[in-house]
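Some notes on the structure that comes next.
The values are calculated or read from the model by the stated rules, or taken from the named source; none is laboratory data. No experiment lies behind these values; they were computed from the predicted model shown. Methodologically, a virtual Cβ is constructed for each residue, glycine included, from the backbone with ideal geometry; neighbour enumeration extends over all protein chains shown.
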Amino acid sequence: MMKSVSASVMLVMMLGGVARGQTLQDALSAAYANNPTLQTSRAQLRVVDENVPQALAGWRPSVTLSGSAGYNQGTARSRGIYGDTDRQIGSGTATVTQPLYNGGRTVAGTRRAENQVLAQRARLLATEQQVLSDTVQAYVAVIRDQETLRLNVNNVQVLQRQLDATNERFRVGEITRTDVAQAESRLAGARATRANAEGTLQTSRATFARAGGGGAGAAGGAAAAGSPGAQRARGGGAGVGERAGGGGDAV
């Protein structure tokens, strides 16, 4: 029986990540900085921001440069003497154009770009609120499932002791084999419930990690840091295993 109790307590410690805790503020900060959905929205906002300077470019002057170059080779006669008249020729022009009025196209384009930026900022704000809300829900779910698993582990320990006591009473002839079978059935049901609680906790931890609050270990640490059991332990209260060892009632 002692091996079973020790294994159950170790199971809670491993799934809970009691070595390191993460507060809700830490989880929200991590989600705000690392959530991929938020990072995508911020990148989209940066792209939309570039539409404003592109629209304002309609007011900027434009400069056009053109040029030509060549070589002229010839012969000229002067006073009966022939001579070469080779020379290089070239020309260049520069044109500066400053728009003064283009029918309101630049003004309309600028306003459109600015409104697109405002709309994208509103979408980013909505995304931030949704991500932070999902992170809080995931954080609370981890704590809830952590405590649910603790209760189920405690229940298995209590039912194990009850089964041991039932076997002793059966050996001395106080009860029948039916009573032993019922105790075994209750213990098997409690173990199945505990296994289901373990799976639920793992799912909640994965959801918390996906929200950007940290890895699975951080999620477990968040549960350990914020759970009432951990708070009672810091305050000097008995842990789940200790309460179970004291003979608590089955859940």
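List the number of the failed condition for ALA138; all other conditions in (1) over 30 Å from ALA33 (Cβ atoms); (2) small (Gly, Ala, Ser); (3) assigned to a helix (DSSP H, G or I) hold.
The number of the failed condition is (1).
For THR93, state whether it is part of a helix (DSSP H, G or I) and in contact with a Gly (Cβ under 9 Å, 6 or more places away or on another chain).
no
What residue, of GLN44, GLN39, GLN25, is within 30 Å of TYR139 (Cα to Cα), exposed (fewer than 10 other Cβ atoms within 10 Å of the Cβ), modelled with pLDDT of 90 or more and not small (Gly, Ala, Ser)?
GLN25
Any residue at all in the range 102-111 that's at pLDDT 85 or above, over 41 Å from the mean Cα position of the chain (by Cα) and outside any helix (DSSP H, G or I)?
yes
Answer yes or no as to whether GLY67 is exposed (fewer than 10 other Cβ atoms within 10 Å of the Cβ) and either modelled with pLDDT under 85 or of a type in the set (Val, Ile, Thr) (or both).
no
Answer yes or no as to whether THR176 is more than 38 Å from the chain's Cα centre (by Cα) and of a type in the set (Val, Ile, Thr).
Yes.
Which of the residues that make up the range 28-77 are more than 30 Å from VAL107 (Cβ to Cβ) and in a strand (DSSP E or B)?
SER66, GLY67, SER68, ALA69, GLY70, TYR71, ASN72, THR75, ALA76, ARG77
If you go through the range 93-114, how many residues are loosely packed, with under 11 Cβ neighbours inside 10 Å and not β-branched (Val, Ile, Thr)?
6
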